[in-house]
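The values are calculated or read from the model by the stated rules, or taken from the named source; none is laboratory data. Since the model is a prediction, treat every value here as computed from it, not as a measurement. Cβ sites come from the backbone with ideal geometry, for glycine too, and all protein chains shown count toward neighbours. Only protein heavy atoms, including side chains, enter the accessible area calculation; ligands, DNA and RNA are left aside. Shrake-Rupley method; radii C 1.70, N 1.55, O 1.52, S 1.80 Å.
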Amino acid sequence: HSTDARCWWRWTRFVFWLFSDLRSSLIETEAVMIPSEINGNWTPQEKSLHEARIKAKAKRRLRKNSSRDSGRGDSLSDNGENSRSTVPTSPKGKLMDRKSRMGKGRGLPKKGGAGGKGVWGTPGEVYDVEEVDVRDPNYDEDQESCIYETVVLPLDEGAFQKTVTPIVQEYFEHGDTNEVLELLNNLNLGGMKCSVPMLAVSLALEGKASHRELTSRLLSDLCGKVLTTGDVEKSFDMLLKELPELALDTPGAPQLVGQFIARAVADRILSEDYIEKHKGKVDCTISRSALGRATVLLSMKRGGLRLENVWGIGGGQRPVEHLSQEIDMLLKEYQLSGDVTEAERCLQELEVPHFHHEFVYKAIVMVLESTGETTFKMILKLLKSLWESTVITLDQMNRGFERVYKEIPDINLDVPQAYTVMEQFVDQCLQMGIIVKQIRDLCPTR
């Protein structure tokens, strides 16, 4: 028995060594086992079974290796041989690799790049309009004639105030009625249309004369496009009812509203018999005062008054000659009264901050042409007050002095002491802080 055991052990080791040698040779050369390398003691059935097992195992190994190397690029060596790169790939890279692991295909993206999550098709693909299938269970014949439009809900009173108020306030800055018309057309005003004139007039009462002129123009341009004459009449009716409350904030509201009514009648956005309709029907004294003011203005129109200028001409729209005359009258009134506050108020009412250099120029020329120190001191006091209140800016003050410097040779022909008086005036202005040293140094001398 011991001899049989030793023989069996030797035979087992020999078979194991032979199987290992055959397996390694098949993997490296991708060849099948040669029948002559098998022990001749095996039966033909054992040989064929053993060969089939080795071939199947070798194919599995080759398939597994080719799948692992499918993501690695092939390169040609200098000899023209195909060599695989040996750059190792991380486990995460293998998990995220979308290429086939079955050893099939050329490693290209699936479906030509049109596959995967969130992909709508291949790059550059254009989809045609989908035709409606009448056999579709969800098909509705009425949907073919449907027209879809954006519906804008009508504004309520709160939304109207928040939306339209900034539009009117911005209009006071740019003065473009077409822009306001476009913005209002984009809104669904609904029943709040008649509140547009009332809101604009209420804001204009708190503003300047130029704002009231812009408001009258706005109402005239909106009538027939956004508003009707009925909306305007209804708005002024509401305005007359709210006039007592408006007069609390603006004491001159009755007179101003009367001017708005007269201007609206002149612009033909209110009927000529609007005032006659309210005679004897208004109990409020303030409202009757507004209607009375409108009646007086309309009667003056028949006498030749142009109601188009009932608010005056806006500051930037006035002719230069007219502005110069206004400034001359302002300085002469100040020279007689000496009221700095009134002179400052009148200058601001001109609404021409870009033209204040003309005021400075004329004030200095008045000093040069005057005799005595009274005008000298009054103009110093006025310029200092206007400078400290920032009514006149540094740029406008400097431009006014520079204009006098350029024209002083001509002024000196009429006023022989112009250079001397100018030097004294400039020194006083520098001491009081009205001008800077650079302007003082530019002062010409004889």
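Tabulated data
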{"read-out": "Estimated FRET transfer efficiency when R0 is 41 angstrom, pair LYS208-THR445 (beta carbons, to 0.05)", "value": "0.40"}
{"read-out": "Local net charge near GLY191, Cβ-Cβ under 11 Å (Lys/Arg +1, Asp/Glu -1)", "value": "-1"}
{"read-out": "Out-of-range pairs (alpha-carbon distance over 28 Å; input LYS59/LYS117; LYS208/LYS377; LYS208/LYS241; LYS162/LYS225)", "value": "LYS59/LYS117; LYS208/LYS377"}
{"read-out": "Computed lengthening from GLU423 to ILE286, 0.36 nm per intervening residue step minus Cα-Cα distance", "value": "43.6 nm"}
{"read-out": "Length-normalised contact order for the range 157-303 - Cα pairs under 8 Å, 6+ apart - percent", "value": "21"}
{"read-out": "Peptide ranges 227-234, 329-336 listed from the most packed, as the mean C-beta count within 10 angstrom indicates", "value": "227-234, 329-336"}
{"read-out": "Where labels lie 7 Å past Cα in the beta-carbon direction, separation of LYS47 and ASP414 in nm", "value": "14.0"}
{"read-out": "Net length gained if the chain between ALA56 and LYS225 were fully extended (0.36 nm per residue, minus Cα distance)", "value": "51.8 nm"}
{"read-out": "Pairwise label distance in nanometres, GLU276 with THR163, each label 7 Å out on the Cα-Cβ vector", "value": "3.9"}
{"read-out": "Largest-first ordering by accessible area, 1.4 Å probe, given options SER337, SER210", "value": "SER337, SER210"}
{"read-out": "Spin-label model distance (nm) - GLU369 vs ASP133, 7 Å beyond Cα toward Cβ", "value": "9.5"}
{"read-out": "Length gained when the stretch LEU153-GLN438 is fully extended (0.36 nm per residue, less Cα-Cα span)", "value": "96.4 nm"}
